[in-house]
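The values are calculated or read from the model by the stated rules, or taken from the named source; none is laboratory data. The structure displayed is predicted, hence computed values, not measured ones. So basically every Cβ, Gly included, is an ideal-geometry build from the backbone, and we count neighbours across all protein chains shown. These accessible areas exclude ligands, DNA and RNA; they are computed on the full protein's heavy atoms, side chains included. Shrake-Rupley method; radii C 1.70, N 1.55, O 1.52, S 1.80 Å.
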Amino acid sequence: MATVLLVRHGRTTANSSGVLAGWTEGVGLDETGREQVATLAGRLRDVPVARIVSSPLQRCQETAAVLAQGRDGVAVESADQLGECRYGGWTGRPIKELAQDPLWKVVQRQPSAATFPPDETYAHESLTQMSSRAVEVVRRIDRDVEEAHGSSAVWVAVSHGDVIKALLADALGMHLDSFQRIVVAPASLSVVRYTPHRSFVLRSNDNGASVTDLVPAPEEAASSDATPGGETGASAGGAGGRTGSTRGAD
């Protein structure tokens with residue numbers, strides 16, 4: 001049973017300003033985000049990593065590059081399927097404005113029925129499509145990692161808030177309509193181990209606990225509203241930082 005470390009990118013200026021970045025180009029980590037990622041990389045320093053696969057978007061690529069530092073032979077790979085949800089006409093718009101859109105209530109209450117509006121610049125998709133492609137690629141890479149490196153192998157997938165929430169919902173056996181109950185903050189670590197019979201979620205939205213238990217032992221058996229894009233990491237009361245409703249997005 002290989003183990004996948006699901007890492008959300010560190011905080012960005014879009015997060016702190018309450019804008020839904022989506023597939024907007026040029027959105028990188030801000031100073032806080034770089035500090036968050038450096039801290040996570042330090043925590044994971046002693047965890048052997050077989051592969052690092054990242055969303056192609058800049059904020060994830062920057063996060064993955066830091067995690068790859070000092071790991072000889074481990075280069076950052078890219079997978080479009082790990083990319084942010086394609087929000088179409090919602091891309092680049094303020095969260096406060098989107099919260100007034102009738103689609104917002106669908107995203108909150110029945111995500112499986114939510115399809116984002118088409119746009120001339122940005123592609124759009126449904127949350128169900130986003131979930132399906134992310135689950136497919138993570139499960140496929142996980143099988144490849146185990147075949148190539150053994151059942152105790154660990155690998156990293158760097159992605160976005162909604163994508164990781166969908167992956168955790170799948171691993172927990174939850175319907176996508178319940179995925180808004182899951183919180184995935186910037187630079188947080190979630191861990192899943194897939195097995196032939198079920199998935200095990202070893203941790204979720206972790207920003208500080210010890211990771212020593214992730215180092216495989218030789219004898220280890222193979223055995224209220226949520227924001228599109230996820231939490232912002234901004235301080236409470238700041239732009240997009242309010243807990244419970246309109247937090248700034250990915």
Matching residues in region 87-113 (assigned to a helix (DSSP H, G or I), over 14 Å from Ala21 (Cα atoms) and open to solvent by 20 Å² or more (accessible area, probe 1.4 Å)) number 8
Going by what's in this entry, would Ala79 be described as modelled with pLDDT of 95 or more and within 23 Å of Ala123 (Cα to Cα)? yes
Quick one: is Gly229 open to solvent by less than 60 Å² (accessible area, probe 1.4 Å), more than 30 Å from Glu146 (Cβ to Cβ), in contact with an Asp or Glu (Cβ under 8 Å, 6 or more places away or on another chain) and at pLDDT 60 or above? yes
Out of curiosity, is Pro117 modelled with pLDDT of 95 or more and out of contact with any Phe, Trp or Tyr (no Cβ under 9 Å at 6 or more places or on another chain)? no
Kindly check whether there is at least one residue in region 150-160 that is modelled with pLDDT of 95 or more, in contact with a strand residue (DSSP E or B) (Cβ under 9 Å, 6 or more places away or on another chain), buried (at least 24 other Cβ atoms within 10 Å of the Cβ) and closer than 20 Å to Trp90 by Cα. yes
So, first residue open to solvent by less than 50 Å² (accessible area, probe 1.4 Å) in region 49-71, second residue of a type in the set (S, T, N, Q) and in a helix (DSSP H, G or I), Cβ within less than 8 Å, six or more apart or across chains; the pairs are Ser54/Gln61; Ser54/Thr63; Ser55/Gln61
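Scan region 41-61 for residues that are part of a helix (DSSP H, G or I) and within 17 Å of Thr12 (Cβ to Cβ) and jot them down. Walk me through how you get there before you give the answer.
The first filter runs over region 41-61 and keeps only residues part of a helix (DSSP H, G or I), leaving 41-43, 58-61.
Of everything in region 41-61, those that are part of a helix (DSSP H, G or I) and within 17 Å of Thr12 (Cβ to Cβ) turn out to be Gln58, Arg59, Cys60, Gln61.
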Determine, yes or no, whether Ala123 is crowded, with 16+ Cβ neighbours inside 10 Å and of a type outside the set (Phe, Trp, Tyr). no
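Report yes if Asp80 is surrounded by fewer than 17 Cβ atoms within 10 Å (Cβ to Cβ) and closer than 23 Å to Asn15 by Cα, otherwise no. Write out each step before concluding.
Values: surrounded by fewer than 17 Cβ atoms within 10 Å (Cβ to Cβ): yes; closer than 23 Å to Asn15 by Cα: yes.
In short, yes.
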Could you figure out which of (1) within 21 Å of the chain's Cα centre (by Cα); (2) over 30 Å from Ala217 (Cα atoms) isn't true of Leu82? (2)
So how many residues does region 202-218 have that are open to solvent by less than 50 Å² (accessible area, probe 1.4 Å), at pLDDT 80 or above and among the hydrophobic types (A, V, I, L, M, F, W, C)? 1
Index of the failed condition, Gln36 passing every other in (1) under 17 Å from Gly230 (Cα atoms); (2) assigned to a loop (DSSP other than H, G, I, E, B); (3) open to solvent by 40 Å² or more (accessible area, probe 1.4 Å); (4) not charged (D, E, K, R): (2)
